[in-house]
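Report on the following structure.
The values are calculated or read from the model by the stated rules, or taken from the named source; none is laboratory data. Quick caveat, the model's predicted, so the values are computed rather than measured. Note that each Cβ is placed from the backbone with ideal geometry, even for glycine, and that neighbours are counted across all protein chains shown. Accessible surface areas use protein heavy atoms only, side chains included; no ligands, DNA or RNA. Shrake-Rupley method; radii C 1.70, N 1.55, O 1.52, S 1.80 Å.
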Number of protein chains: 2
Amino acid sequence: MRVISEQRCFGGTQGVYAHDSAACGCEMTFGLFLPPVAERRPVPVLWYLSGLTCTHENAMVKAGAQAHAARAGIALVFPDTSPRGPGVPDHEDYDLGQGAGFYVNATQEPWAPHFQMWDYLAEELPRIVTANFALDEDRQAITGHSMGGHGALTLAMGLPGRYRSVSGFAPIAHPSASDWGRKQFTAYLGPDEAAWAGHDAALLMRQSGFDGPVLIGQPLVDQFLHLLKPEALAGAMADRRQDGAFRLQKGYDHSYFFVASFMADHVDFHAAALNA
Amino acid sequence: MRVISEQRCFGGTQGVYAHDSAACGCEMTFGLFLPPVAERRPVPVLWYLSGLTCTHENAMVKAGAQAHAARAGIALVFPDTSPRGPGVPDHEDYDLGQGAGFYVNATQEPWAPHFQMWDYLAEELPRIVTANFALDEDRQAITGHSMGGHGALTLAMGLPGRYRSVSGFAPIAHPSASDWGRKQFTAYLGPDEAAWAGHDAALLMRQSGFDGPVLIGQPLVDQFLHLLKPEALAGAMADRRQDGAFRLQKGYDHSYFFVASFMADHVDFHAAALNA
């Protein structure tokens with residue numbers, strides 16, 4: 001693991017690190033924030049998965065999460081959204097290929113050799129961060145924005161027992177029924193929709209739900225509302241009596257101004273589960 | 001004035017606007033945040049001046065100021081750092097020309113026709129924002145980062161009675177004695193140093209000081225410490241018995257992680273003066 005930078009931030013340290021990824025077959029970069037208390041004892045960790053076109057950097061500089069994580073004594077991990085580099089396949093569309101990994105293990109060519117973001121986030125990166133930083137791996141939670149909200153929800157429901165709580169900012173909630181989903185699942189997973197079901201938050205919520213609290217925030221002036229399909233997830237949560245809250249937020253759009261505005265709520269929500 | 005964007009943020013509105021500037025002879029862009037309470041009554045305003053290479057956007061997306069301004073009921077203005085555009089002179093160095101206006105009225109060619117940032121910020125932009133938004137022009141304060149800290153301090157001391165309080169994040173404190181200053185003042189104002197004195201915070205502090213509270217934050221791992229000359233300003237503040245505080249902040253560098261980490265302190269400092 002290579003240190004790209006380490007900078008003091010809200011009394012803790014905002015770092016950026018790179019490492020060779022076996023899962024993705026390329027060098028991967030991530031951000032990690034350690035709160036001040038991490039100098040004295042291992043801290044719980046909140047994973048933040050980003051949306052389409054983002055790298056590890058967007059949320060790290062725009063979401064304002066460090067202020068709240070420092071106060072709550074929680075580490076933050078900001079992974080990249082896909083494998084990257086000249087040897088990694090890409091596509092001219094912004095929503096396919098590099099920057100658009102969709103948090104699945106691709107089985108189709110040309111994506112399969114590199115686009116293994118599920119394994120990267122479920123297995124490889126957790127091993128790397130727990131080996132290198134004072135993190136308490138028994139206390140993990142996960143959140144994300146847009147495509148990252150999809151990733152957070154599907155990882156949380158797909159790995160029972162791993163995360164104590166899950167939240168999403170304007171998540172892609174029902175990708176098998178959306179142009180943000182069908183296109184990418186077809187490319188990465190092939191046309192057989194049976195292979196998609198483990199990567200659709202609304203379907204997973206109906207099937208198994210989440211053994212812990214769930215918080216979803218959906219802005220109402222979201223320019224991508226028709227692609228996110230929040231009603232499918234809200235309905236599934238209500239039908240299942242899922243412990244959690246689905247918030248519809250007037251006036252806000254899909255941007256990081258929305259994410260930053262409610263980051264304190266989300267970090268506090270996770271802190272209640274992680275510090276319990 | 002043209003609306004570029006308006007987005008909900010912390011219950012208020014983060015806008016971006018453009019207008020033809022008579023002072024700068026080009027179109028200028030600025031950001032303006034209105035807190036929720038601005039829907040009911042005029043609010044005080046805190047000006048935030050940015051550093052070298054920045055546009056109106058950097059602090060708007062990275063400093064996290066809106067959260068605190070919303071709570072305190074204060075508007076924020078984020079001006080650009082120079083005139084811009086194809087008809088505006090520029091220089092290959094990052095610290096001269098576009099993105100490096102240094103908050104002075106240039107008297108030298110080729111800069112003079114456009115680089116009138118003092119007049120733009122002292123006269124033109126205040127008229128525009130008070131005419132278009134519910135701002136209380138009797139309650140203004142000013143802050144800034146690096147070159148913007150220099151701008152905030154020199155405007156505050158150069159326009160007595162205009163601002164109730166002034167603060168700076170790692171300001172260029174004594175530009176007449178620094179490579180961040182001598183080069184630009186020579187280019188914009190000419191070689192006669194008598195013309196520079198009104199644009200040097202440490203000299204102005206010795207000469208007249210500020211009739212209100214001053215807050216300076218200077219990080220101690222600042223990679224530009226040798227260019228900022230904080231000791232000249234700290235010494236002048238102490239010698240003059242200036243109402244204020246000069247904070248030296250261990251571990252932090254010159255970046256927006258530093259600015260964001262202490263933005264709450266600065267906004268609260270100004271709120272105490274503005275809401276009094």
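For the protein assembly as shown, what does the alpha-carbon gyration tensor say about shape, rounded, prolate or oblate, given a ≥ b ≥ c as the root eigenvalues, a/c under 1.5 as rounded, and a/b over b/c as prolate? Could you put the intermediate results ahead of the total?
Working: a/c = 1.95, a/b = 1.91, b/c = 1.02.
Here the protein assembly as shown falls in the prolate category.
At a Förster radius of 45 Å, what calculated FRET efficiency corresponds to the Cβ-Cβ distance of residue A:195 and residue B:27, to the nearest 0.05?
Values: r = 52 Å, r/R0 = 1.15.
Calculated value: 0.30.
Gaussian network model of chain B, Cα springs within a sub-10 Å range: biggest mean-square fluctuation belongs to which of B:177, B:72, B:106?
So, out of B:177, B:72, B:106, the one fluctuating most is B:177.
In chain B, if the dipole is taken from +1 on Lys/Arg beta carbons and -1 on Asp/Glu beta carbons about the Cα centre, which of B:16, B:244, B:163 is farthest to the positive end?
Projecting each Cα onto the dipole axis, the largest value belongs to B:244.
Using a 7 Å offset from Cα along the direction of the beta-carbon, what are the separations from residue B:20 to the same position in each other copy, nm, ascending?
6.1
With every protein chain in place, what's the accessible area of residue B:226 (1.4 Å probe, Å², nearest 10)?
120
Taking the full set of protein chains and a 1.4 angstrom probe, give the accessible area of residue A:55 in square angstrom, rounded to the nearest 10.
Using a 1.4 Å probe on the heavy atoms, I get roughly 40 Å².
Could you name the aspartates and glutamates in cross-link range of residue B:183, using Cα to Cα under 20 Å and dropping any fewer than eight places away on the same chain?
Result set, ordered by chain and number: B:90, B:92, B:93, B:95, B:109, B:192, B:193, B:200.
Starting from one equal scatterer on each C-alpha and no solvent at all, send me the Debye-based log10 I(q)/I(0) for segment A:86-148 at q = 0.15, 0.25, 0.28 Å⁻¹, two decimals.
Here log10 of I(q) over I(0) equals -0.58, -1.10, -1.22.
Out of every Cα pair in chain A, what percent are spaced more than 25 Å from each other?
So the portion of pairs separated by more than 25 Å is 40 percent.
How large is the translational diffusion coefficient of segment B:153-213 in µm² per second when you combine the Kirkwood radius over alpha carbon pairs with Stokes-Einstein at 25 °C and 0.890 mPa s?
204
Might you report the magnitude of the Cβ-based charge dipole of chain A about its Cα centre, with Lys and Arg at +1 and Asp and Glu at -1, to the nearest 20 debye? Show your work: numbers first, answer last.
Numbers: 19 positive and 29 negative charges, 174 e Å.
With only Lys, Arg, Asp and Glu charged at Cβ, the dipole is about 840 debye.
Which residue, B:215, B:202, B:131, has the largest displacement toward the positive end of the dipole of segment B:121-224 when charges sit on each Cβ (Lys, Arg +1; Asp, Glu -1)?
B:215
Among rounded, prolate and oblate, which fits segment A:179-247 when a ≥ b ≥ c are the square roots of the eigenvalues of its C-alpha gyration tensor, a/c under 1.5 means rounded, and a/b larger than b/c means prolate? All intermediate terms of the calculation are to be shown ahead of the outcome.
Values: a/c = 2.78, a/b = 1.30, b/c = 2.13.
Here segment A:179-247 falls in the oblate category.
What does the structure give for B:61-72 when I average, per residue, the other chain Cβ atoms found within 10 Å of the residue Cβ? Could the numbers behind the result be given before it?
Numbers: counts 7, 4, 1, 9, 1, 4, 7, 1, 0, 1, 0, 0.
Mean shielding by partner chains, rounded to a whole number: 3.
Can you pull the one-decimal nm distance between simple spin-label points at residue B:127 and residue B:250, each 7 Å off the Cα toward Cβ?
Calculated label separation equals 5.1 nm.
Measuring from label point to label point, each 7 Å out along Cα→Cβ, what is the residue A:136 to residue B:4 span in nm?
Each label point lies 7 Å from its Cα, and together they span 4.5 nm.
Quick check on the protein assembly as shown: of the DSSP beta bridges with both residues there, what percent are antiparallel, nearest 5%?
Among the beta bridges of the protein assembly as shown, antiparallel pairing accounts for roughly 50 percent.
Given the Cα-Cα distance of residue B:39 and residue B:239 and 0.36 nm per residue of separation, how much length would full extension add, in nm?
My answer for the length gained is 67.6 nm.
Kindly write out, for segment B:20-32 in residue order, the coupling ³J(HN,Hα) from the Karplus curve 6.51 cos²θ - 1.76 cosθ + 1.60 (θ = phi - 60°), rounded to whole Hz, with x marking Gly and Pro.
6, 9, 5, 4, 9, x, 6, 6, 10, 10, 9, x, 9
How high is the relative contact order of chain B, in percent, counting Cα pairs under 8 Å that sit 6 or more residues apart?
Working: 642 pairs, mean separation 47.5, N = 276.
17 percent.
Using a 1.4 angstrom probe with every protein chain in place, what is the largest-first accessible-area order of A:200, B:265, A:138?
Final ranking, largest accessible area leading: A:138, B:265, A:200.
What residue of chain B has the nearest C-beta to the axis that moves B onto A, and what is that distance in Å, given as a whole number?
Residue plus distance in Å, as requested: B:64, 2.
For chain A, modelled as a Gaussian network with Cα springs under 10 Å, which listed residue fluctuates most, A:16, A:221, A:129?
Between A:16, A:221, A:129, it is A:221 that shows the largest mean-square fluctuation.
Under a straight-distance cross-link criterion of Cα-Cα below 19 Å, which aspartates and glutamates are reachable from residue A:250, leaving out those fewer than 8 residues away in the same chain?
A:222, A:231, A:265, B:6, B:39
In a Gaussian network model over chain B where Cα atoms closer than 10 Å are linked, find which of B:143, B:81, B:53 has the largest mean-square fluctuation.
So, out of B:143, B:81, B:53, the one fluctuating most is B:53.
Just to confirm the filter: which trypsin sites (Lys or Arg not before Pro) across segment B:1-105 are DSSP coil and have at most 10 other Cβ within 10 angstrom of their Cβ?
When the trypsin sites (Lys or Arg not before Pro) of segment B:1-105 are filtered for loop state and at most 10 Cβ neighbours within 10 Å, B:40 remain.
How would A:118, B:196 line up by accessible area, probe 1.4 Å, largest first?
A:118, B:196
Amide H neighbours of residue B:5 under 5 Å, at least 5 residues apart or on other chains, H built in the peptide plane: list them.
Those lying under 5 Å, H to H, from residue B:5 are B:16.
Aspartates and glutamates within cross-link reach of residue B:62: Cα-Cα under 13 Å, excluding same-chain residues under 8 positions apart?
A:57
Counting only protein chains, not ligands or nucleic acids, how are B:246, A:102 ordered by accessible area (probe 1.4 Å), most first?
Numbers: B:246 55, A:102 0 Å².
Largest accessible area first, the residues go B:246, A:102.
Does segment A:134-260 come out rounded, prolate or oblate, given a ≥ b ≥ c as the square roots of the eigenvalues of its C-alpha gyration tensor, rounded meaning a/c under 1.5 and, failing that, prolate meaning a/b above b/c?
Rounded, because the longest to shortest axis ratio a/c is under 1.5.
List the residues whose amide H sits under 5 Å from the amide H of residue A:246, counting only those 5 or more places along or on another chain, with H placed 1.01 Å from N in the peptide plane.
Answer set, sorted by chain and number: A:216.
Collect residues whose amide H, placed 1.01 Å from N in the peptide plane, falls under 5 Å from the amide H of residue B:13; neighbours closer than 5 in sequence don't count.
B:34
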